[in-house]
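This report concerns only the one structure given below.
Just so it is clear, none of the values below were taken in a lab; they were calculated from the coordinates. Keep in mind that this is a model prediction, so the values were computed, not measured. As a convention, Cβ positions derive from the backbone with ideal geometry for all residues, glycine included, and neighbour counts pool all protein chains shown.
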Amino acid sequence: MGERLPTDGVIALRPWNEADAGEMAACLDGDEEIARWLDQVPQPYTVADALAFLSRTGETTFAVVDAGSGGVLGGIGLRWNDAQDVAEIGYWARREARGRGVTTRALRLAGGLAFDQGAARVQLRADVENVPSRRVAEKAGFTAEGVLRDAHWNPRLGRRQSWVMYSVLPGELKS
C-alpha cells in the first residue's frame, strides 16, 4: 500500500491498529444488522474480540474512516486466493454511517487497491435478502453473476443463506 492512504477525499482506508479495538467493539457490539448478516462476528462483541481479529493473518483489513476527522465509519477487508489473482471483499458500516454512500466509496477504493496489487478479478458475496449490501455492490460497478443457493447455515437467522456472487474486472469500477 505504501505510505499514502487510499482516499477519495470523503473517506479513506487505513490499516487497523490495536488502539482501534475499543472503537471497533463500539461499532460492532449489539448492532442488529451486522449480527443478522455477519454471523461470524461474535455477539456480544468485546475489545478482546477486536484484538483477536486484529491479530489474524490471511486477510488485509482496513478501517474505513472519515477523510477529515479520521473517525471510524466501518471496516473492509480483502482475502486473496492462493494464486493471489482474485480478491474477495467483505465490508460493514457502523450504524451512524449507513445510507450515506460510505460503504460504496470504500468498496471502490478497496477494489482499486486490489487491482493495483495485481488482481484479475475482485468478488464479493451478499445474502439475497440483504438489499442494502447488494445495492452497495451494484453502485460500485459490481455485476451479479448468479446465486450460490443454500451456501451457508446462519444460526442467527435460523436458515441457510443463499448468496449473490458479484464480481468486477479491471476497468469496471464506477467512479
Kindly write out, for region 69-75 in residue order, the coupling ³J(HN,Hα) from the Karplus curve 6.51 cos²θ - 1.76 cosθ + 1.60 (θ = phi - 60°), rounded to whole Hz, with x marking Gly and Pro. 8, x, x, 6, 10, x, x
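Any idea what the relative contact order of region 11-168 is, in percent, if you count C-alpha pairs under 8 Å spaced at least 6 apart? Mind dumping the intermediate values first?
Working: 277 pairs, mean separation 29.6, N = 158.
Normalised by residue count, the contact order of region 11-168 is 19 percent.
Rounded to the nearest 500 deg cm²/dmol, what is the calculated helix-only ellipticity per residue at 222 nm for the chain, with -39500 (n - 2.57) per DSSP H run of length n ≥ 4? Show your work: numbers first, answer last.
Numbers: 5 runs with 46 residues, N = 175.
The helix contribution divided over the chain gives -7500 deg cm²/dmol.
What does the charge dipole of region 1-91 about its Cα centre add up to, to the nearest 20 debye, if the Cβ of each Lys and Arg holds +1 and the Cβ of each Asp and Glu holds -1? Working shown, then result.
Values: 5 positive and 16 negative charges, 37 e Å.
Here the size comes out at about 180 debye.
If you filter region 1-83 for trypsin sites (Lys or Arg not before Pro), then keep DSSP loop positions with at most 13 other Cβ within 10 Å, what is left?
Taking region 1-83 and a limit of 13 other Cβ atoms within 10 Å, the loop trypsin sites (Lys or Arg not before Pro) found are ARG4, ARG56.
Hey, got the dipole for region 11-168? About the Cα centre, +1 on K and R Cβ, -1 on D and E Cβ, debye to the nearest 20? Write down the numbers at each step before the final one.
Values: 19 positive and 21 negative charges, 98 e Å.
Magnitude of the dipole: close to 480 debye.
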Inter-part gap, Cα centre of region 150-175 to Cα centre of region 1-59, in whole angstrom, is 20
List every residue whose amide H lies under 5 Å from the amide H of ARG121, counting only residues 5 or more places away in sequence or on a different chain, with H placed 1.01 Å from N in the peptide plane. ALA87
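What number, in nm² with one decimal, is the all-direction average of the projected area of the convex hull of the alpha-carbon atoms of region 11-168? Walk me through the numbers before you get to the answer.
Numbers: hull surface 35.9 nm².
It is 9.0 nm².
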Likely footprinting exposure, ASP127, ASP39, fewest C-beta neighbours within 10 Å first: ASP39, ASP127
